[in-house]
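Have a look at the structure below, then the notes.
Here, each number is a calculation from the coordinates, and none is a lab measurement. Just so it is clear, the structure is predicted and the values come from calculations on it, not from any experiment. Positions of Cβ are generated from backbone atoms using ideal geometry, with glycine treated the same way; all protein chains shown enter the neighbour counts.
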Amino acid sequence: MKLLVCGGAGFIGSAFVRRRLHQTADSIVVLDKLTYAGNLANLADIERDPSMAGRYRFVQGDIADPTIVVKLVTEADVDAVVNFAAESHVDRSILDAEAFLRTGVIGVHVLLEATRALAAERAANGKPAPRFLQVSTDEVYGSVPTGQSVETDLLAPASPYSAAKAAGELLVQAYRTTYGLDALITRGSNTYGPFQYPEKVVPLFITNALQGLPLPLYGDGLQRRDWLHVDDHADAIGAVLDRGEPGGIYNVPGTGERTNVDLTRTILAQLDKPWSLVRTVEDRAGHDRRYAMDGSRLAALGWSHQVAFEAGLAETVAWYRDHEAWWRPLLNADWADYYDRQYGKRLAESVPGA
Ligand code: NAD
Ligand code: TYD
């Protein structure tokens, strides 16, 4: 297949591109704006590998820019568009949501319009319809106090981030219903692994602990997340792209729930660092207490997890320990500014972690 992968220079997108080029004969164009979270270093190994480099091309650009999108989707006659591009951090969406809406709603609409034009052109030429896969999140369900979300549940997003993701999904569903677009949606769980920008809790706590800096734990730390390794997440998206029912929505759960306290304990133990680094700080506004999803629809496609949580986390901790040259340059002036806005007051008013 000939794929356009949007947001392929980010954390999960780059894993998808790397694994897809390894596992298939696909050729891939990556379209990425290179926001603060996009990083060409995430794709450097692909450019160096002759078995992959010839089937891969990078284009810097915005999914909300129709000129570039029409060129890369309609004129390039791709077989599928896989959209990872998004502003992806809840805390930043609470500070300022505008970019989340621009990429998550307008950007998704631009991609859908270009794919719709391509589908019409292909239908006129008797060619198979292009697929559109929107990478979404379990956060669209909102907090799930008990049980597990199934794909038909109502969406009840709580943060500006998850509201923008839900809005993008609803547009995708509208294009499927109104125009018959072959559009799919995946809803992935909290993902961890190498190459994750240090704002998210796993890489933040690992890199802070490595530097001897405080670990800011929100509220009582008893919020629960179901952790999914990035390679499993990427492969699940590949399985849905290859074998998903037209118009299908697929949950991608993790391998087991953990409270944030448990997660923090495991990270500190693996780094041989003391609990005294943990600071209890003011909670995130609107903080979802728990996410949990049922994965039977995805399992019916013949997909299953390959990475157990303890082993995946140990490998991730080791990766950050060994790849300071990757994460250190990310801690620049913009990072310091964000860190101060997000954690300055919180840490000044913090107490030792319980
Ligand atoms: P990320 O922030 O690491 O990467 C996002 C990428 O999108 C970056 O490379 C960025 O430069 C690019 N991008 C942002 N706006 C763009 C635009 N307008 N045009 C083109 N490129 C743009 O995010 P991630 O963690 O890899 O997440 C990827 C996708 O998976 C997102 O859609 C996210 O909502 C979803 N998701 C993430 C998780 C998670 O735990 N990280 C879980 C479930 C779903
Ligand atoms: P995060 O990695 O931001 O992912 P999400 O908000 O998408 O679940 O946060 C994971 C959990 O960790 C969430 O319950 C919030 C918590 N957390 C902290 O306690 N401290 C932090 O500094 C961060 C970033 C997150």
Inset, instruction - Can you tell me how much longer the chain between ASP294 and ARG102 gets when fully stretched, taken as 0.36 nm per residue apart minus their C-alpha distance, in nm with one decimal? - result: 66.1 nm
Legend entry - Residues listed by number, the stretch 224-250, amide nitrogen under 16 Å from GLU151 label point at 7 Å toward C-beta: 236-250
Inset, instruction - Counting only C-alpha contacts under 8 Å and six or more residues apart, can you give the relative contact order of the chain as a whole percent? - result: 17
Inset, instruction - Return the tail of the calculated pair distribution for the stretch 1-87, meaning the percent of Cα-Cα pairs more than 15 Å apart. - result: 51
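Mind sorting LEU222, LEU3 by how few other Cβ atoms lie within 10 Å of their own Cβ, fewest first?
Ordered from fewest to most neighbouring Cβ atoms within 10 Å, LEU222, LEU3 come out as LEU222, LEU3.
Take HIS233, HIS323, HIS89 and order them by how many other Cβ atoms sit within 10 Å, fewest up front.
Lowest to highest Cβ neighbour count: HIS323, HIS89, HIS233.
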Legend entry - Protection proxy ranking of 114-120, 125-131 - average other beta-carbon atoms within 10 Å, highest first: 114-120, 125-131
Legend entry - Inter-probe distance in nm under a simple model that places probes 7 Å from Cα toward Cβ, at ASP49 and ASP340: 4.1
Legend entry - Reachable aspartates and glutamates, given that their alpha-carbon falls under 12 Å from the alpha-carbon of LYS127 and they are not under 8 places away in the same chain: ASP77, ASP79
Inset, instruction - Return the distance in nm (one decimal) between the two label points of a simple spin-label model at LEU213 and ARG57, each offset 7 Å from Cα along Cα→Cβ. - result: 3.9
Inset, instruction - Take the Cα radius of gyration of the stretch 265-354 and divide it by 2.2 N^0.38 Å, with N its residue count; two decimals is plenty. - result: 1.47
Inset, instruction - Would you mind checking the tilt of helix 160-179 against the longest principal axis of the Cα atoms of the chain, expressed as 0 to 90 degrees and rounded to 10? - result: 20
Inset, instruction - Could you check the simple spin-label distance between LEU301 and LEU34, using points 7 Å along Cα→Cβ, in nm with one decimal? - result: 3.1
Inset, instruction - Using only Cα atoms, tell me the angle between helix 108-124 and the longest principal axis of the chain; keep it within 0 to 90° and round to the nearest 10. - result: 20
Inset, instruction - Search the structure for amide H atoms under 5 Å from the amide H of LEU133, placed 1.01 Å from N in the peptide plane, and list their residues when 5 or more places away or on another chain. - result: VAL81, VAL82, ASN83, LEU184
Inset, instruction - Rank the residues LEU4, LEU95, LEU271, LEU241 as a footprinting-exposure proxy: fewest other Cβ atoms within 10 Å of their Cβ go first. - result: LEU95, LEU271, LEU241, LEU4
Inset, instruction - Show that you can apply the helix-only estimate: for the chain, add -39,500 (n - 2.57) for every DSSP H stretch of four or more residues, divide by all residues, and state [θ] at 222 nm to the nearest 500. - result: -11500 deg cm²/dmol
Legend entry - Cleavage-rule hits, GluC sites (Glu not before Pro), the stretch 234-338, DSSP coil, Cβ neighbours within 10 Å at most 14: GLU282
Inset, instruction - Report the extension gain between ALA333 and ILE94 in nm, rounded to one decimal, defined as 0.36 nm multiplied by the number of residues separating them, less their alpha carbon distance. - result: 84.0 nm
Inset, instruction - Provide, in order from the shortest bin, the percent of all Cα-Cα pairs of the stretch 2-352 in each 20 Å bin, continuing until the bin that contains the maximum pair distance. - result: 30, 60, 10, 0
